1. Once phi is turned into ³J(HN,Hα) by the Karplus curve 6.51 cos²θ - 1.76 cosθ + 1.60 with θ = phi - 60°, what whole-Hz value does each residue of the range 97-109 show in order, with x for glycine and proline?
2. Under the rule of at least 5 residues apart or a separate chain, name every residue whose amide H is placed under 5 Å from the amide H of Glu89.
3. With θ set to phi - 60° and the Karplus curve 6.51 cos²θ - 1.76 cosθ + 1.60, what are the ³J(HN,Hα) couplings of the range 141-155 in order, to the nearest whole Hz, using x for Gly and Pro?
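Where a number appears in this text, it was derived from the coordinates with a stated rule and is not lab data. Keep in mind it's a predicted model, so treat the numbers as computed, not measured.
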Amino acid sequence: MALRIIPISALNHYAYCPRRCALIHQEHSFEENRFTLEGQDLHAIVDEPSMHAKPFRVETSVRLWSRKFGLTGIADVVEWHDDIPYPVEFKRGKRHPWINDDIQLCAQALCLEEMLDLAVPLGAIFHGASQHRREVELTEDVRRATEQTIVQVRDLIDSRDIPEPTSHLERCQGCSLVDVCLPNLYGKPNPKWDLL
């Protein structure tokens, strides 16, 4: 049986909040807010496919896939450092302590490794708030967390379940789905979030 294909972005949504993932990818709920619009503005510079050659090859809006993991998506930027692909994911905000962005970046690397039969040991996340990039070493721990998240997302989507709301003040405040999810009304604290 073929794997259900899941978008790489769903991994980020799930690692941020499983309910958010289910609302977006099962219920097709999505609302814009200031943060999503700022993210769209930041991505405007990489949303059109292009290639540049100086000082090294840079490709934008690179389509990705993995048959092994059943993934599809788009890398914002892939730079080529000494013939090794180096994915760069653009995020509008500042660095935060959660691992969802690292998981998304690692999934892009897993796709590139399968597509090109090359190891991808590093990538980066460009944070729009600071205008700096943060290099991410794609360690075995990051890869293991990414592979676990792939399984969890596929199980969630296959189950058709919508997780109960949980509340985490900082995460929920910035979420564009806060008025759909209603964590302040129905949510319970999730102690696991304090560990991520």
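1. Computed from phi, the couplings for the range 97-109 are x, 8, 9, 4, 5, 5, 5, 4, 4, 5, 4, 4, 5 Hz.
2. Here the answer is Ala124, Ile125, Phe126, since their amide H atoms fall under 5 Å of that of Glu89.
3. 5, 5, 5, 5, 4, 5, 5, 5, 5, 4, 5, 5, 5, 4, 4
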